[in-house]
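Comments concern the structure below.
The values are calculated or read from the model by the stated rules, or taken from the named source; none is laboratory data. Given the structure is predicted, the values throughout are model-derived calculations rather than measurements. Methodologically, a virtual Cβ is constructed for each residue, glycine included, from the backbone with ideal geometry; neighbour enumeration extends over all protein chains shown. We work out accessible area using only protein heavy atoms, side chains counted, and drop any ligands, DNA or RNA first. Shrake-Rupley method; radii C 1.70, N 1.55, O 1.52, S 1.80 Å.
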Protein chains: 2
Amino acid sequence: MTAAPLPKARLRGLAQEAADLVREAIFAGHFPPGSPLREVELAAALGVSRGSVREGLALLEREGLVRSVWHRGTTVVDITAQDVEEVYAVRAALDRLAATSARRTASEGQLAELDDLVGAMSAEIAGEASGPRLLALDIAFHDRIYDAAGNRRLSDAWQAVRSQVHLFQLRRVALGYQHYRARVVDEHRELAALLRSGDPATLARRAEEHVHSACRSLLAGLGG
Amino acid sequence: MTAAPLPKARLRGLAQEAADLVREAIFAGHFPPGSPLREVELAAALGVSRGSVREGLALLEREGLVRSVWHRGTTVVDITAQDVEEVYAVRAALDRLAATSARRTASEGQLAELDDLVGAMSAEIAGEASGPRLLALDIAFHDRIYDAAGNRRLSDAWQAVRSQVHLFQLRRVALGYQHYRARVVDEHRELAALLRSGDPATLARRAEEHVHSACRSLLAGLGG
DNA sequence: CGATGTCCGGATGTCAACATTCGGACATGA
DNA sequence: TCATGTCCGAATGTTGACATCCGGACATCG
């Protein structure tokens, strides 16, 4: 029998905790792109030691959210057009593999979860739509695909770009998300259908196109 | 003008240094798969503090060479068939993207470097062939393709599987590498040619097949 | 005899202080 | 005025010691 996960199993350590707090602060816009993340400041603010903050920042660097250089500290990544193109090129390659893998390995329960998420997106749009909430559902959808692929290395590679994707899209959504709102449900519903019973070749192509269209939309929103 | 890299720019810190030493020790077989890497031991052996060793082990974990769990230490990864399949599936996706990207962005000088590496492989085979040296040339070849692609996120993702690929192939080569030796030059020569002037679609296909054939060869060598 | 509780060695997680390095401000000289 | 050299503050890199946690061995009890 699966024991329900206890309230807050403190099995993560202060570094993970610190990383989570800083990441949320970055997503909330509290640390604009390019702003420095000083270890002593964060240590004092979070009430932990500098060592733990340092380790947490290393985790965030692994996610691509911050960048640190020798003896010059760590700063929040900035968002240039090249950054967006790089991240989305890698994501397209990973999503393609995840989709084709999940096509073979996904269980019925996992496919049902995808349908549930599409339903949640639809409900979110029907009501008082919240950009960040809709975005969270979008990313959760792709998280499940990676889970279903059952490839730990692939999931790790996704983790290395996931936060950057989240950050980019958050900035885009803050400027208006009518286009995003109009397309997100249909595109994900199609992906879910292709995962259930689609030609692997067209699934691979559509998975890549899904990312590329998001990339173009992002570049248009940031550049114009 | 580009200043020649000084003898040993100590711009890397003890953590990087410790990570390099431990990585080489793993490649040399000094730490068999599954063996624990105790921080105090390594700190004493390398003459640095435990903090630096800890940070270095975190770098190695980012490369996928070791795996650490909360309050239970870090151990060298073991090589199961599933691990090989996972790593090579991700590598195939990344190599495909790297090849198609480099097809557009590679400079003439970078293409010439690839030809030089193919020549070096050929020379290595003609003489007293060394498995590890041949393998180093193989990986260097792919490193250059990733460099030529000009996508930092893509190179980072490659770094996350590169060491595992190196480790797997080293173990394979130790058991005999006649098949590898017979094919490596021709396959890489074809890739270099396709990068110079090939149809993008066939380049993408051949890049994937190159990885898949290496994966099959590896599985056959480890399983049988 | 099997299950349970307790204890202990060893290893990791965390912390605060010391050493090193960087970038810029200021002063100096051609 | 521009270039160069020196100095200083601040932030990071590094260290050793303390606190916490895990796993197994032993003893105890039903």
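Across segment A:1-135, Cα-Cα distances exceeding 28 Å account for 42% of all pairs. Taking label points 7 Å from Cα along the Cα-to-Cβ direction, A:Arg171 and A:Asp115 give a separation of 3.9 nm.
With contacts taken as Cα pairs under 8 Å and at least 6 residues apart, segment A:5-104 reaches a relative contact order of 28 percent.
Taking trypsin sites (Lys or Arg not before Pro) across segment B:31-94, the ones in a DSSP loop with at most 15 further Cβ atoms lying within 10 angstrom of their Cβ are B:Arg38, B:Arg72. Probing with 1.4 Å while keeping every protein chain in the model, the per residue accessible area of segment A:13-76 equals 53 Å². Computed about the Cα centre, the dipole magnitude for chain A is approximately 400 debye when only Lys and Arg (+1) and Asp and Glu (-1) carry charge, each at its Cβ. Taking all Cα-Cα distances within the protein assembly as shown, those exceeding 29 Å account for 53%.
Using only side-chain charges placed at the Cβ, +1 for Lys and Arg and -1 for Asp and Glu, the dipole size of segment A:13-76 relative to its Cα centre rounds to 240 debye. Calculation over all alpha carbon pairs of segment B:81-223 in 10 angstrom steps from 0 returns a P(r) of 12, 45, 37, 7, 0 percent.
For chain B, the relative contact order works out to 24 percent when only alpha carbon pairs closer than 8 Å and six or more residues apart are counted. When shorter helices are ignored and each DSSP H run of at least 4 residues is given -39500 (n - 2.57), the per-residue value for chain B at 222 nm works out to -25000 deg cm²/dmol.
Given a 1.4 angstrom probe, what's the average accessible area per residue across segment A:81-223, in square angstrom?
43 Å²
Put simply, chains B and A cover up around 2400 Å² of each other's accessible surface, both sides summed, when a 1.4 Å probe is used. Projecting the Cα atoms of B:Ser213, B:Ala98, B:Leu194 onto the charge dipole of chain B, computed from C-beta unit charges around the Cα centre, puts B:Ala98 farthest toward the positive end. Near the amide H of B:Gly150, within less than 5 Å, lie no amide hydrogens of residues on another chain or at least 5 residues away, with H placed in the peptide plane.
Just to confirm the filter: which chymotrypsin sites (Phe, Trp or Tyr not before Pro) across segment B:131-181 are DSSP coil and have at most 16 other Cβ within 10 angstrom of their Cβ?
Numbers: sites: B:Phe141, B:Tyr146, B:Trp158, B:Phe168, B:Tyr177, B:Tyr180; in loops: B:Tyr177.
Hits after loop and neighbour filter: nothing returned.
Here is how far apart the B:Ser49 label points are across copies: 1.0 nm, shortest first, using a point 7 Å from Cα toward Cβ. Computed about the Cα centre, the dipole magnitude for the protein assembly as shown is approximately 500 debye when only Lys and Arg (+1) and Asp and Glu (-1) carry charge, each at its Cβ. Shape analysis of segment A:13-76 places it in the rounded category; the axes a ≥ b ≥ c from the Cα gyration tensor give an a/c below 1.5. Of the solvent-accessible surface of segment B:81-223, computed with a 1.4 Å probe and all protein chains present, 51% belongs to carbon and sulfur. The distance between label points at B:Ala182 and A:Ala220 comes to 5.4 nm (points 7 Å beyond Cα on the Cα→Cβ vector).
For the residues B:Ala18, B:Ala81, B:Ala92, a GNM of chain B with alpha-carbon springs under 10 Å puts the largest fluctuation on B:Ala81.
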